[in-house]
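**Q** Below you'll find the structure I mean.
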Amino acid sequence: MLSYLIRRIVNAVITLLVVTMVTFGIFFAVPTITGSDPALLYIGKTADQASLDGIRTKLGLDDPIPVQYGKFIKGLVAGRDYASGNDVTHCDAPCLGYSFKTEQEVTPLLLSDIPVTLSLALGAAVLWVLIGVATGVLSALRRGSFLDRAAMTGALAGVSLPIYFTGQLALLIFIHWLGWLPDTAYTPFLENPASWFTGLILPWVTLAFLFAATYARLTRANMLETLNEDYIRTARSKGLTERTVIGKHGLRAVLTPLVTIFGLDFGTLLAGAILTEQVFNLRGLGYQALTAIRQNDLPVILGVTLLAAIFIVVINLIVDLLYSVIDPRVRLG
Amino acid sequence: MSSTTTGTRPFLEVKDLTVRFETDDGIVQAVSNSSFAVERGKTLGIVGESGSGKSVTSLAVLGLHRTRSNAKVAGEIWLDDQELVTATDEDVRKLRGGKMAMIFQDPLSAMHPYYTVGAQIVEGYRVHHKGVSKKEARTRTIDMLARVGIPQPEKRFNEYGHQFSGGMRQRAMIAMALVNDPQLLIADEPTTALDVTVQAQILDLIRDLQDEFGSAVIMITHDLGVVAELADDVLVMYGGKIIERGPAADVFHEPQHPYTWGLLGSMPRLDRDVRDRLTPVKGTPPSLINLPDGCAFHPRCPYAGRNGNRSFTEVPELRGGVHAVACHLPAEEKRRIFHEEVAPNL
Ligand SMILES: Nc1ncnc2c1ncn2[C@@H]1O[C@H](COP(=O)(O)OP(=O)(O)OP(=O)(O)O)[C@@H](O)[C@H]1O
Ligand code: SF4
Ligand SMILES: [Mg+2]
């Protein structure tokens, strides 16, 4: 168990290192190698030669690539100074970079977006897991019934309709026609929990519809397969009620593999639900990424990319560790 | 075998049991018109090759086809004067694991991968003993594990099925089945995957526990040796039908069905060289969707033509008193063939 734990953690650290190398490679090294001037990318075409040279010195763009990478990692771990003569720009650890275009550190910028994205992802996840699993179980138990067919048709719609379609439709119906909800917006939970809820409910439902569909289909298929397992027959042969057989023995086996998929989905969502944030005008990480791309603000794009990768790696690590708790065959095998 | 005039039924009496499965390929006639009985303290052996309907028969007794929407069960099953085919799901559920219990083929897949062996036994005990605390149930479970010969039961209580060896796993399955002192125990090939020494230990264990509790036991097996050793009565099944039924001694010393002769020929014998020991019955088992006309065994039976055409056209009924057989061959002829042609080669 302990060695498994250590193995997973070491793995995650290595993955993160590889991720920083690749990201660094793309954002710093490739322009250097291909001969385009990265300094130009960082400050924009309109800059004069003096500020271009300043940027070059600050970012150390004339250093060998491994040295640049070393400074980059140092920034992540211990923070760094971008200096050109007396002109020093400080960036605190974990330094994901400095946006010379907007004159601010990337890390605090992104951190301020995390509550929005986290609220969106958490609320949607609660909804889709509950709805998806419940629908899947009921469909499996009433296989072939009207309910099953209706649920599976709905699920098919859910997986195949893109979010900008369902999102716009939801906005149109619930806000413009019915007027049931205020415009979607993010209010910090601690400021006003009710506004937090009403401002996010529509994006949650829309996002949950997409994911719940997949979870319903998976749960249904897993449950049908599980109900044919010998150990389910054993559970029945002991005289357990159908409720215990399905709700305990069946569900336990059905939910375990879902944990992995959930981790992936949740991690991806944390990395920024670009479309959803766009459709509902929420200023989270996805929105930030989009804005940065539009403005060609390389340090922010790099920061979002790295942060997304970190989320995914960390969530995967958590899933792996969780899995070893809930599946004894992994823990002891 | 039929109900007696005094009105007392055997402890378990199965009458005309028929089990069909509707599948995409057609209707599987898995068990047809099976009738048999077992008394308390007695052991009934059921033998027959793979697919002959042994497991389906025992699952029917426990009412475990009820949750399969494609299964149709007909006939009567009387357990201690209660009819089970027409009983409610809830009534049958209460008997399962309590008055009647089953040890399954392949204990690895029969145990839940995510629950400890102990937890699975505790659960079975508590469902039939309402109000028993977890601690009492745990003590009872550890007693049972010790009783079936599992060393260090406190430790093994907290382990999972896949951590057990084959033999230990089967013992744990037995403990699970016996935890509520069932009066009817069905053991479905309890020793198939085990090596010979462990096999013998498991069979001894079942016999000892039966002696202790006076339960009725149904022992399902491919292995006639097991039946010869343990059973009071024997059923031989072929293609979902009982083709020979009687006291074990009679069936072994005067077997009357050509298929049983074939099975006896495939029985391992220690006094022969390994190479000669096993001669399985030639040919393949019949399709249960399209049973052959007449006697289902005729495509594989060396005596099919001996008695005119009846074997090919007419289904032989199970006839006889205590020792009954389903074969068109006349009684004298069967006796003669067995003693002159079959027995010398066994
Ligand atoms: N749920 C089901 N649906 C369709 N057919 C089934 C089902 N369960 C069993 N059968 C069929 O019924 C027949 C009898 O199966 P059964 O499991 O009783 O055989 P068995 O005598 O126990 O064989 P084995 O020695 O291999 O355990 C087989 O042909 C099997 O394919
Ligand atoms: S009825 Fe005919 S085919 Fe069937 S077992 Fe008897 S002799 Fe063989
Ligand atoms: Mg079987």
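**Q** Being in contact with a strand residue (DSSP E or B) (Cβ under 8 Å, 6 or more places away or on another chain) and more than 14 Å from chain A (Cβ to nearest Cβ) is the filter here; which residues of the range B:50-69 pass it?
**A** Matches in the range B:50-69: B:Ser52, B:Gly53, B:Lys54, B:Thr57.
Each row is one residue, and each column tells you yes or no for (1) within 25 Å of B:Asp143 (Cβ to Cβ); (2) more than 15 Å from ligand 3 (Cβ to nearest atom); (3) without any contact (Cβ under 8 Å) to a residue 40 or more places away in the chain; (4) open to solvent by 40 Å² or more (accessible area, probe 1.4 Å).
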{"position": "B:Val196", "(1), (2), (3), (4)": "no, yes, yes, yes"}
{"position": "B:Ala216", "(1), (2), (3), (4)": "yes, yes, no, no"}
{"position": "B:Met219", "(1), (2), (3), (4)": "yes, no, no, no"}
{"position": "B:Gly225", "(1), (2), (3), (4)": "no, yes, no, no"}
{"position": "B:Ala231", "(1), (2), (3), (4)": "no, yes, no, no"}
{"position": "B:Gly239", "(1), (2), (3), (4)": "no, no, no, no"}
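**Q** Shifting gears a bit: If you take the residues in the range B:28-56 that are assigned to a strand (DSSP E or B) and closer than 20 Å to B:Pro182 by Cα, which one is nearest to the chain's Cα centre (by Cα)?
**A** For the range B:28-56, the residue satisfying everything is B:Ile46.
**Q** Can I ask one more? When you look at A:Ser99, is it surrounded by 13 or more Cβ atoms within 10 Å (Cβ to Cβ) and not assigned by TED's automatic domain parsing to the domain that holds A:Leu255, yes or no?
**A** Yes: the conditions hold for A:Ser99.
**Q** A:Thr135 versus (1) of a type in the set (S, T, N, Q); (2) surrounded by 14 or more Cβ atoms within 10 Å (Cβ to Cβ); (3) under 15 Å from A:Gly284 (Cβ atoms): which is the lone unmet condition?
**A** (3)
**Q** Considering the range B:131-156 alone, what residues qualify as being under 23 Å from B:Asp204 (Cα atoms), more than 14 Å from chain A (Cβ to nearest Cβ) and of a type outside the set (D, E, K, R)?
**A** B:Ile142, B:Leu145, B:Ala146, B:Val148, B:Gly149, B:Ile150, B:Pro151, B:Gln152, B:Pro153
**Q** Moving to a separate point now. Among the residues of the range B:298-309, are any among the small types (Gly, Ala, Ser) and on the phi > 0 side of the Ramachandran plot?
**A** Let us first name the residues in the range B:298-309 that are among the small types (Gly, Ala, Ser), namely B:304-305, B:308.
When the remaining residues are screened for being on the phi > 0 side of the Ramachandran plot, the result is B:308.
Yes, the range B:298-309 has at least one match.
**Q** Mind checking whether some residue in the range B:159-170 is within 16 Å of ligand 1 (Cβ to nearest atom) and either more than 12 Å from chain A (Cβ to nearest Cβ) or small (Gly, Ala, Ser) (or both)?
**A** For the range B:159-170, residues within 16 Å of ligand 1 (Cβ to nearest atom) and either more than 12 Å from chain A (Cβ to nearest Cβ) or small (Gly, Ala, Ser) (or both): present.
**Q** Among the residues that make up the range B:200-208, is at least one of them farther than 24 Å from B:Gly53 by Cα, touching a Phe, Trp or Tyr at 6+ places or on another chain (Cβ under 7 Å) and open to solvent by 10 Å² or more (accessible area, probe 1.4 Å)?
**A** no
**Q** Please work out which one of (1) more than 16 Å from ligand 2 (Cβ to nearest atom); (2) more than 26 Å from A:Ala235 (Cα to Cα) is the condition B:Glu76 fails and give its number.
**A** If we test B:Glu76 against (1) more than 16 Å from ligand 2 (Cβ to nearest atom); (2) more than 26 Å from A:Ala235 (Cα to Cα), just (2) comes out false.
Matching residues to (1) more than 10 Å from chain B (Cβ to nearest Cβ); (2) open to solvent by less than 10 Å² (accessible area, probe 1.4 Å); (3) among the charged types (D, E, K, R); (4) part of a helix (DSSP H, G or I):
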| position | (1), (2), (3), (4) |
| --- | --- |
| A:Met223 | yes, yes, no, yes |
| A:Arg233 | no, no, yes, yes |
| A:Arg236 | no, no, yes, yes |
| A:His249 | no, yes, no, yes |
| A:Val254 | yes, yes, no, yes |
| A:Pro257 | yes, no, no, yes |
| A:Asp265 | yes, no, yes, yes |
| A:Leu269 | yes, no, no, yes |
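**Q** Here's something else I'd like to know. Going through the range B:57-75 one residue at a time, which ones are within 13 Å of ligand 3 (Cβ to nearest atom) and not in a loop (DSSP other than H, G, I, E, B)?
**A** B:Thr57, B:Ser58, B:Leu59, B:Ala60
**Q** Another question, if that's okay. I'd like the residue in the range B:81-124 that is open to solvent by 30 Å² or more (accessible area, probe 1.4 Å) and either within 16 Å of ligand 1 (Cβ to nearest atom) or aromatic (Phe, Trp, Tyr) (or both) and, out of all such residues, is nearest to the other protein chains (Cβ to nearest Cβ).
**A** Among those residues, the one meeting the criterion is B:Ser109.
**Q** Got at least one residue in the range B:171-179 being more than 16 Å from the chain's Cα centre (by Cα) and in a loop (DSSP other than H, G, I, E, B)?
**A** The answer is yes; a qualifying residue exists.
**Q** Follow-up. Just give me the residues in the range B:38-60 being away from ligand 1 (no atom under 12 Å from the Cβ) and buried (at least 22 other Cβ atoms within 10 Å of the Cβ), in sequence order.
**A** B:Val38, B:Thr43, B:Leu44, B:Gly45
**Q** Let me ask something else about it. Restricting attention to the range B:67-80, and to residues there that are crowded, with 18+ Cβ neighbours inside 10 Å and more than 12 Å from ligand 1 (Cβ to nearest atom), which single residue is nearest to B:Gly98 (Cα to Cα)?
**A** If we take residues in the range B:67-80 being crowded, with 18+ Cβ neighbours inside 10 Å and more than 12 Å from ligand 1 (Cβ to nearest atom), then B:Leu79 is nearest to B:Gly98 (Cα to Cα).
**Q** In the range B:293-314, how many residues are outside any helix (DSSP H, G or I) and crowded, with 16+ Cβ neighbours inside 10 Å?
**A** 7
**Q** What is the residue count in the range A:141-196 for residues that are within 30 Å of the chain's Cα centre (by Cα), part of a helix (DSSP H, G or I) and not hydroxyl-bearing (Ser, Thr, Tyr)?
**A** 23
**Q** While we're here: Can you name the number of the only condition in (1) in a helix (DSSP H, G or I); (2) within 20 Å of A:Ile310 (Cβ to Cβ) that A:Val133 fails?
**A** Checking A:Val133 against (1) in a helix (DSSP H, G or I); (2) within 20 Å of A:Ile310 (Cβ to Cβ), the one that fails is (2).
**Q** Answer yes or no as to whether A:Leu298 is more than 14 Å from chain B (Cβ to nearest Cβ), open to solvent by less than 40 Å² (accessible area, probe 1.4 Å) and more than 14 Å from the chain's Cα centre (by Cα).
**A** So A:Leu298 passes the test.
**Q** Can you name the condition, by its number, that B:Val127 falls short on among (1) in contact with a Lys or Arg (Cβ under 7 Å, 6 or more places away or on another chain); (2) open to solvent by less than 60 Å² (accessible area, probe 1.4 Å); (3) more than 9 Å from chain A (Cβ to nearest Cβ)?
**A** (3)
**Q** Here's a check for you: in the range A:238-247, which residue that is free of Cβ contacts under 8 Å to residues at least 60 places away in the same chain and in a helix (DSSP H, G or I) is surrounded by the fewest Cβ atoms within 10 Å (Cβ to Cβ)?
**A** Within the range A:238-247, the match that is surrounded by the fewest Cβ atoms within 10 Å (Cβ to Cβ) is A:Arg243.
**Q** Could you tell me whether any residue of the range A:320-329 is free of Cβ contacts under 8 Å to residues at least 12 places away in the same chain, outside any helix (DSSP H, G or I) and within 30 Å of A:Met1 (Cβ to Cβ)?
**A** no
The values are calculated or read from the model by the stated rules, or taken from the named source; none is laboratory data. None of these values were measured; they are calculated from a predicted model. With ideal geometry, Cβ positions are generated from the backbone for all residues, glycine too; neighbour counts draw on all protein chains shown. Note: accessible area is taken over every heavy atom of the protein model, side chains too, but ligands, DNA and RNA are not part of it. Shrake-Rupley method; radii C 1.70, N 1.55, O 1.52, S 1.80 Å.
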